[in-house]
Amino acid sequence: MENKNQPNLELIRHSTAHVMAAAVCRIYKDVKLDIGPSIDTGFYYDFDLSERISPEDFPAIEKQMIHIIEEDLPFQRIEVPRDEAIDILKQAGQTYKLNRLKDIPDEATISFYRCGDFIDLCRGPHLESTGRIKAFTLLSVAGSYFRGLETNPMLQRLYGTAAISRKNLDYQLKQLEESRKRDHRKLGKELDLFSIQEDTGPGLVFWHPKAARIRTIIEDFWRKEHFKHGYDIVYTPHIGRANLWETSGHLDFYRENMYSPMDIEGKDYFVRPMNCPFHIQVYKSDKRSYRDLPLRWAELGTVYRYEKSGVLHGLFRVRGFTQDDAHIFCTPGQIESEIRRTVKFALNIWKTFGFSDIKAYLSTRPEKAVGEDSKWEQATASLENALIAESIPYEVEKGGGAFYGPKIDLAVKDAIGREWQMSTVQFDFNMPTRFKMGYIGEDGKEAQPYMVHRALLGSLERFLGILIEHYAGAFPLWLAPEQVRVLPIADAQIEHADNIAEQLRANGFRTSVDRKSGKIGAKIRNAQIEKIPYMVIIGAKEIESEQLSIRSRTKGDIGAMNALDFITTLRLEEEERGKK
């Protein structure tokens, strides 16, 4: 939809956020500004002002935004020394911006952007002028704590979106409306899948029986596929001594995301934020030879990371989650083939779950990095060759790799075209050195193995959220927590309904019986609302004919068949997973 002559969407949205802030400052008095970034769905800006903004105020704000756009005010970048920046913000009474100024490193350039009488601390970039903004709308308003901390002041967060044209904006709004319908938090409650209970702990997920059933299906499939692809599965501890995290570097670089240590017999222990140091410990538990490699070890390991309450978001951003994690230890000569088989494995997994539109992002060496140049070159080439071999479209993000190695991120598009970054294949030249990992090479000398971090599904929590939204809660038969519901028309048919359900369960199908009193129409409606793939209606006629009246969630009534034929139909549909 966008072309090369148009500014990119992020630039449009960020510039529109500034125009919205300028409009708010024209309408209201003593407005204190915080941040106004571009986000996936548009943009927002956080304000502190005495008056409460409501949706009824949107037309007035939008009208003022139109005036600012029609004035075609240039976005002027102003670079100033830190002392001058402090003076500007103090004179304007912008206390939140003063606080944000502390985040800017001493060596970094400090810049403001001016459009008309509005000036804002911002690194940019922006459009040439406000007149380049063609289509926008305000969406909603919500509360937001400054820096996401509940102990800080509550600000008003005003959301909007913008596009390169009215036609594109209309398309975006339809997408947003569809996204709202598919919101996993809403559907998760309606379908009784999961809950996050504030009194127990924000960001900690309770998997209810239906979601737990889905998780079991995913885990069973995950384990079977890993064994088939030459992996071994390991289980490692949930806590480890401080010295482990010192060696790995987590206590130096990641401590703010780790939970406070616990004292056990005078030693500090930390709950694990990651699994990799434990997999390395398994590797180091024995001497390794080149004949032992490659080693492919996978784990569904539960980890805990401290996330500020302001960034927690349903299943997408939590504090406790189970990582679909694996590590590959191999020789330099095995790297190329290992990466290719890993990428191919990831593609097969995603297609099975119903995602076929897949794109890759290849992140290369940043300016500051560890590891020999030859290793970086070989690793980057192996990643790129794997993408080419599997015909995966990709973009190169130059300098976007971690300091310890290049990586591939695979992104999938869901049913309504949203892109989700999922699988990661990440080289690590840091950990093998820190942990002094080695193996005996063909020449009899000590060598250091290559180490690859690999995640396919990411976290099970986030993956469930994506599945809910991709399928709008209507899971395919093989993933549905309840595949069949048997609906007796009257109490007299309950015993026969139980017998049918037992036969289906004996054949491996997740089946329940609706024993509630009420008309059959209401039972059918309830099953449809709960998105059950198949309904079996049992009345006196069905008992007499020894047939089942079958209703499909998607096709409606599909006629009568005997139990064995219905079981065959279900098996065939399950086997088709990922092929449609």
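The values are calculated or read from the model by the stated rules, or taken from the named source; none is laboratory data. What you are looking at is a predicted structure, and each value in this text was computed from that prediction instead of being measured. Note: ideal-geometry Cβ built from the backbone for every residue, glycine included; neighbour counts use all protein chains shown. Only protein heavy atoms, including side chains, enter the accessible area calculation; ligands, DNA and RNA are left aside. Shrake-Rupley method; radii C 1.70, N 1.55, O 1.52, S 1.80 Å.
Things to note:
- Matching option when the condition is within 20 Å of PRO37 (Cβ to Cβ), of a type in the set (Val, Ile, Thr) and open to solvent by 60 Å² or more (accessible area, probe 1.4 Å), among THR130, THR161, THR95, THR151: THR95
- Listed by first and then second residue, the pairs linking a residue in the stretch 361-375 that is closer than 22 Å to VAL343 by Cα to a residue that is among the hydrophobic types (A, V, I, L, M, F, W, C), with Cβ atoms under 6 Å apart and 6 or more places separating them unless they lie on different chains, are LEU362/LEU383; LEU362/VAL396; LEU362/ILE408; ARG365/TRP376; LYS375/PHE429.
- Subset tally (residues that are among the hydroxyl-bearing types (Ser, Thr, Tyr), under 29 Å from PHE227 (Cα atoms) and assigned to a helix (DSSP H, G or I)) for the stretch 348-377: 1
- Single residue of the stretch 550-578 satisfying the filter (in a strand (DSSP E or B) and open to solvent by less than 30 Å² (accessible area, probe 1.4 Å)) that is nearest to ILE532 (Cα to Cα): SER552
- Matching residues, the stretch 199-233, being at pLDDT 95 or above and among the polar types (S, T, N, Q): THR216
Okay, residues lined up against (1) more than 15 Å from VAL343 (Cα to Cα); (2) open to solvent by less than 10 Å² (accessible area, probe 1.4 Å):
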{"position": "GLY405", "(1), (2)": "yes, yes"}
{"position": "ALA411", "(1), (2)": "no, yes"}
{"position": "GLU442", "(1), (2)": "yes, no"}
{"position": "GLU446", "(1), (2)": "yes, no"}
{"position": "HIS453", "(1), (2)": "no, no"}
{"position": "SER459", "(1), (2)": "yes, no"}
{"position": "LEU464", "(1), (2)": "yes, yes"}
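- Of the strands (runs of 3 or more DSSP E) lying entirely inside the stretch 215-320, those containing at least 3 residues that are closer than 22 Å to GLN421 by Cβ are 295-304.
- Residue within the stretch 190-206 that is of a type in the set (Asp, Glu), surrounded by 14 or more Cβ atoms within 10 Å (Cβ to Cβ), on the phi < 0 side of the Ramachandran plot and assigned to a helix (DSSP H, G or I) present: no
- Enumeration of residues in the stretch 321-347 that are assigned to a helix (DSSP H, G or I) and among the polar types (S, T, N, Q): GLN334, SER337, THR342
- Neighbours by Cβ (under 8 Å, 6+ apart or cross-chain): first from the stretch 51-71, open to solvent by less than 40 Å² (accessible area, probe 1.4 Å); second part of a loop (DSSP other than H, G, I, E, B): ILE61/ILE53; ILE68/GLY116; ILE69/ILE133
- Among residues of the stretch 180-191 that are within 15 Å of PRO209 (Cα to Cα) and free of Cβ contacts under 8 Å to residues at least 60 places away in the same chain, none has a beta-carbon under 6 Å from a residue that is open to solvent by less than 30 Å² (accessible area, probe 1.4 Å) and in a loop (DSSP other than H, G, I, E, B) at least six positions away or on a different chain.
- All positions within the stretch 412-425 that are of a type outside the set (Val, Ile, Thr) and farther than 23 Å from GLY473 by Cβ: SER423
- The one condition in (1) in a strand (DSSP E or B); (2) over 22 Å from THR137 (Cβ atoms); (3) open to solvent by less than 30 Å² (accessible area, probe 1.4 Å) that ILE78 fails to fulfil: (3)
- Only residues that are touching a Pro at 6+ places or on another chain (Cβ under 8 Å) and surrounded by fewer than 20 Cβ atoms within 10 Å (Cβ to Cβ) were counted in the stretch 376-397, giving 2.
- Among the residues listed as THR322, THR331, the single one being out of contact with any Pro (no Cβ under 9 Å at 6 or more places or on another chain), at pLDDT 95 or above and among the hydroxyl-bearing types (Ser, Thr, Tyr): THR322
- Cβ pairs under 7 Å, 6+ apart, first in the stretch 130-142 and within 10 Å of ILE53 (Cβ to Cβ) and in contact (Cβ under 8 Å) with a residue 12 or more places away in the chain, second among the β-branched types (Val, Ile, Thr) and not in a strand (DSSP E or B): LEU138/ILE61; VAL141/ILE53
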